[in-house]
Amino acid sequence: LSVLDEAGQLFRVSAAGGTEAYSLENPEVIGSARAVTTNEAGLYMLDSSGVIWLFPFQADGSLGAASAAIDRTDLAQATDLTIMDDDTVGATFLVTSGDGRVRRFNDGQDQGFPLDLDRPLLVPASLSIGELSDLVYLADRGNNRVLVLTPAGETVAQLRASQLEGVRGVYVDEINQRLYFVTASDLLASGLPDQLAR
């Protein structure tokens, strides 16, 4: 878990329960943070101007100076991001947008992410990638559902329940076969449905 506060302090909580605090070397370059995600290279931050910044991990565990991983003014409506995979070409990002789109970027280029849905997204709010399956879990807040998609955007499942009304976040832990959901008032957990269990 990574949390960034308004003073530019980044806190990372490990699965073992330890907490580390990092200072960003040049926090003045960013606007207010909308989303953060990490991979082996460093911390990626989506700011309110629509830029995705990379703060590289240094050998001593600190974060280096920010550089733009994706510098696009048309990301200003973006609300969340996650790293879909890493390959020799570079990180592939999925980015949700307030206008109801999900976009895929590879090597800084918009690759598109066409979705096969029975009804359009309405306030997409959160993304999570299954570490075993590479399936994409997407909280669609306006439709009170969580979509499970292939990396190509095809629908595998739509999760709906009365408890998911206004769902704001989703996280999948495929190793332990668990799903976690955030709503306006609750943090919920459930087992993976049989069709999604690996």
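Quick rundown of the values:
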read-out	value
Surface share of carbon and sulfur [accessible, 1.4 angstrom probe, percent] for the stretch 66-198	45 percent
Dipole magnitude of the chain about its Cα centre (Cβ charges: Lys, Arg +1; Asp, Glu -1), debye to nearest 20	600 debye
Additional length obtainable on full extension of the chain from residue 119 to residue 134, 0.36 nm per residue less Cα span	3.1 nm
The stretch 59-139 - charge dipole about Cα centre, Lys and Arg +1 at Cβ, Asp and Glu -1, debye rounded to 20	320 debye
Residue 49-residue 197 FRET efficiency (beta carbon distance; Förster radius 30 Å; 0.05 resolution)	0.15
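The values are calculated or read from the model by the stated rules, or taken from the named source; none is laboratory data. Please read these numbers as outputs of a predicted model, since none were measured by experiment. Glycine also receives a Cβ, built like all others from the backbone with ideal geometry; neighbour counts cover every protein chain displayed. The protein model used for the area step is the full one, side chains on, heavy atoms only, and it has no ligands, DNA or RNA in it. Shrake-Rupley method; radii C 1.70, N 1.55, O 1.52, S 1.80 Å.
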